[in-house]
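Data first, discussion second: the structure below is written as structure tokens.
No lab work stands behind these numbers, since they all come straight from the coordinates. Values in this document were obtained by computation on a predicted structure and should not be read as measured data. Cβ coordinates were reconstructed from backbone atoms using ideal geometry, including for glycine residues, and neighbour counts include every protein chain displayed.
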Amino acid sequence: MSDAPPPVALTRDEVAHVAALAKLAVTPEELDTYTGQLAAILDHAADIAGLDLDGVAPTAHPLPLVNVLRADEVRATLDRDEVLAAAPATEDHRFRVPAILGEEP
Amino acid sequence: MTAPGSPTPTAAAIAAEVRAGARSARATVDAHLGAIDAAEATIHAFNLVLADSARAAADAIDARVAAGEDPGPLAGVPIALKDNLCTRGVPTTCSSRILEGWRPPYDATVVTRLATAGAVVIGKTNLDEFAMGSSTENSAFGPTRNPRDPERVPGGSSGGSAAAVAAGFAPLALGSDTGGSIRQPAALCGVVGVKPTYGLVSRYGLVAFASSLDQIGPFAGTVGDAALLLEVIAGHDPLDSTSIDQPVPSYTEAVGAGVDGLRVGIVSELMGEGIAPDVRARVEAAAEALAAAGAEVGEASVPAATFGLSAYYLIAPAEASSNLARYDGVRYGLRVDGATTSEMMEASRSAGFGAEVKRRIMLGTYALSAGYYDAFYGKALKVRTLIIADFAAAYERFDVLLSPTTPTTAFRFGEKADDPLAMYLSDVCTIPTNLAGQPAMSVPFGSGADGMPVGVQILAPTLGEVPMLRAAGVLEEAAK
């Protein structure tokens, strides 16, 4: 249906890169498994990757909603202590995390 | 009528009797807790049974009736909630290790509405982790078994809710449907499942999977009970910015209204390759039953529906990869320590998520990444436009559409667990509806060659719940 060739096959390095972006650690064995499985899924999706859809508008959302606003009035919010009680670590009413400075960007 | 195999009266009967003082809510809840005690060890429908709070809530309902008050349209009716619906102070896990032990600081809007209507929450049901799956085999806490045959899956992702209704643990349950997660398990377990129009039911407090597709909806043993529950949960909610601000019609009245003159189209693209012959035969029988009841039945075409699966498995993982970025070990849920915040996040997510969730996060991250966005995600969004246009054309000729809910009856454990694509194909008939944001429901309509239930899917245009339920009511009568 289109001249546009489907994208080239997924590589193991690409899966490793995507896992790093998503902050997921994967073992070499998992990398092999995921590469094969994701390649099979993307291969199935090649039926739409090859379609010529120039001039078709994208639909990101099924409802024609634009700028849904609420009244500008004070309302109760979640209780701070109840929210912080669910956190793995807190300090002085804040979420506590390990070092963030000195990391690579 | 109750669900086949179910020892429980309908929700409508329970509520009417409790409101009239002719039935004790407490005795009703105790009877259902007894049914759970007897069979839950085999079925594993629940992540958590709320016996104590259910008994206390039932006692409060009985006290209100005794005081002359009306507790509401679901007075004393036990209901099971999919464990991705937030319940204040009550563990909400999404069947994931990453949320194990988390107690939400607020109730979902549907939970608040159920309480206002007098319903009694009896437990939180099992699901595929974060609603990603079609069999409950992706639950971190073990699979749910199909009450019709414990060797088979109940479907998913709302498999626990479907099984709870099919097993008689509760006359009603809530699930969520992103690509078929209410309708597919309803079909496989032989109960009624409704995916309402996107925006009809507030999603405030539903843990997000794919935000442009997710919708909460009812499970019930009968079409009338599903309509009753939908009436309670439907309607505008300012806490959900995607909530539709329109009055809700009577769904219970629609169920008995008949189909005289209703135009019904069989979706030819969902009746061909990949659909088991015994399932297809039941859809054809359903069309004949509707015609016999006065409907005008014809053949409909939704050509772009054939691209639905591919579009869905790019759009839903893309949205999931963004939504699930929030599980980072900082504000709630599992934390695995690391020297830096980045290492902590990676360690927490790697330990907390199961294989299917990781697979979809990676798939979505890939589909959104530089160089592939246009070829995959962008194309999928355009296909979504085509699907909506094709449905619109079909609904110029027909009031509702008909198809199988699933390509086959319930499959066996392990059959598709190692092949994600084969598992995804079980959603091929249900996915187009989600992409279009429209309503659809599954109604049990006889059995397949293996004796397992077959579900017929009724699809309708946006806010077409009334004609959809009219057809469902007729099919339910015809199936008796």
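May I ask for the distance between the Cα centers of the range B:369-387 and the range A:26-62, given as a whole number of Å?
10 Å
Between the alpha-carbon centers of the range B:413-447 and the range B:25-103, tell me the distance in whole angstrom.
Value for the Cα centre distance between the two parts: 28 Å.
Could you please report the charge total around B:Gly294, scoring K, R as +1 and D, E as -1 over all other residues with beta-carbon less than 14 angstrom from its beta-carbon?
-3
I need the trypsin sites (Lys or Arg not before Pro) found in the range A:46-105, filtered to DSSP loop residues with at most 10 other beta carbons within 10 Å of theirs.
A:Arg70, A:Arg75
Rounded to the nearest 0.05, what FRET efficiency is calculated for B:Asp59 and A:Asp52 with R0 set to 45 Å and r the Cβ-Cβ distance?
0.10
Once the dipole of chain B is set up with Lys and Arg at +1 and Asp and Glu at -1 on Cβ about the Cα centre, which of B:Leu33, B:Leu386, B:Thr462 lies farthest towards its positive end?
Among B:Leu33, B:Leu386, B:Thr462, the one farthest towards the positive end of the dipole of chain B is B:Leu33.
As a footprinting exposure proxy, order B:Cys94, B:Cys86, B:Cys429 by other Cβ within 10 Å, with the fewest listed first.
By the 10 Å Cβ count, ascending: B:Cys86, B:Cys94, B:Cys429.
What ³J(HN,Hα) values, in whole Hz, does the Karplus curve 6.51 cos²θ - 1.76 cosθ + 1.60 give for the range B:414-422 when θ = phi - 60°, with x put for Gly and Pro?
x, 4, 10, 5, 9, 10, x, 5, 4
Placing unit charges on C-beta atoms (Lys and Arg positive, Asp and Glu negative, everything else neutral), compute the dipole magnitude of the range B:319-365 about its Cα centre in debye, rounded to 20.
Rounded to the nearest 20 debye, it is 140 debye.
Mind sorting B:Ile275, B:Ile315 by how few other Cβ atoms lie within 10 Å of their own Cβ, fewest first?
Listing B:Ile275, B:Ile315 from fewest to most nearby Cβ atoms yields B:Ile275, B:Ile315.
Work out the P(r) tail for chain B: percent of alpha carbon pairs separated by more than 37 Å, whole number.
20 percent
What's the angle, to the nearest 10 degrees (0 to 90), between helix A:28-49's Cα axis and the longest principal axis of chain A?
Taking Cα atoms only, the helix is inclined about 70 degrees.
Using DSSP to call loops (not H, G, I, E or B), can you name the GluC sites (Glu not before Pro) in the range B:151-255 whose Cβ has at most 16 other Cβ atoms within 10 angstrom?
Sites meeting the loop and neighbour criteria: B:Glu151.
Placing unit charges on C-beta atoms (Lys and Arg positive, Asp and Glu negative, everything else neutral), compute the dipole magnitude of the protein assembly as shown about its Cα centre in debye, rounded to 20.
In debye, rounded to 20, the protein assembly as shown gives about 860.
Taking only Cα atoms of the range B:74-117, what ratio of Rg to Rh do you get with Rh as the Kirkwood inverse-distance radius?
When Rh is taken as the Kirkwood radius, the ratio is 1.01.
Tell me which residues come under 5 Å, amide H to amide H, from B:Val454 once H is placed; ignore anything under 5 positions away on its chain.
B:Phe445, B:Gly446, B:Ser447, B:Gly448
Can you work out the FRET efficiency for the pair B:Glu69 and B:Thr116, with r the C-beta to C-beta distance and R0 = 22 Å, to the nearest 0.05?
After rounding to 0.05, the efficiency reads 0.95.
May I ask which of B:Lys82/B:Lys416; B:Lys124/B:Lys480; B:Lys82/B:Lys379 have a Cα-Cα span longer than 29 Å here?
Checking Cα-Cα distances, B:Lys124/B:Lys480; B:Lys82/B:Lys379 exceed 29 Å.
For B:Phe411, what residues show an amide H to amide H distance below 5 Å, using hydrogens built from the backbone and excluding near sequence neighbours?
Those lying under 5 Å, H to H, from B:Phe411 are B:Val153.
For the range B:362-371, in order, what is each residue's ³J(HN,Hα) by Karplus, 6.51 cos²θ - 1.76 cosθ + 1.60 with θ = phi - 60°, in whole Hz (x at glycine and Pro)?
Taking θ as phi minus 60°, the curve returns 5, 4, x, 4, 5, 5, 9, 7, 3, x Hz for the range B:362-371.
Residue-wise, which Karplus ³J(HN,Hα) couplings in Hz belong to the range B:345-361, taking 6.51 cos²θ - 1.76 cosθ + 1.60, θ = phi - 60°, and x for glycine or proline?
Rounded to whole hertz, the list is 4, 5, 5, 5, 5, 5, 7, x, 8, x, 4, 5, 5, 4, 4, 6, 4.
Select from B:Ile14, B:Val111, B:Thr42 the residue farthest towards the positive end of the dipole of the range B:1-159; place +1 on Cβ of Lys and Arg, -1 on Cβ of Asp and Glu, and compute about the Cα centre.
The listed residue farthest towards the positive side: B:Val111.
Could I get the Rg over Rh figure for chain A? Both from C-alpha atoms, Rh via Kirkwood, rounded to two places.
Expressed as Rg/Rh, it is 1.15.
What does the net charge come to around B:Arg145 if you take all other residues with beta carbon closer than 15 Å to its beta carbon, with K and R at +1 and D and E at -1?
Computed value for this residue: -3.
Using +1 at the C-beta of Lys and Arg and -1 at the C-beta of Asp and Glu, which of B:Ile122, B:Ala51, B:Gly142 has the Cα lying farthest in the positive direction of the dipole of the range B:11-255?
In the range B:11-255, that residue is B:Gly142.
Averaged over all directions, how much area does the convex hull of the C-alpha atoms of the range B:39-186 cover when projected, in nm²?
Average projection, Cα convex hull of the range B:39-186: 8.4 nm².
For B:Asp374 and B:Glu288 in one chain, what is 0.36 nm times their gap in residues minus the Cα-Cα distance, to one decimal in nm?
So the chain would gain 26.5 nm between B:Asp374 and B:Glu288.
With +1 assigned to the C-beta of every Lys and Arg and -1 to the C-beta of every Asp and Glu, and no other charges, what is the dipole magnitude of chain B about the Cα centre in debye, to the nearest 20?
Computed charge dipole of chain B: roughly 600 debye.
Please compute the modelled spin-label separation between A:Glu82 and A:Thr33, points set 7 Å along Cα→Cβ, answer in nm with one decimal.
Inter-label distance under the simple model: 4.0 nm.
A:Val66 versus B:Arg412, label points 7 Å from Cα toward the beta carbon: distance in nm?
Modelled inter-label distance: 5.7 nm.
Per 20 Å bin, what is the whole-percent P(r) computed from every C-alpha pair distance within the protein assembly as shown?
22, 56, 21, 1
So, in Å, what gap is there between the alpha-carbon centers of the range B:178-248 and the range B:258-302?
24 Å
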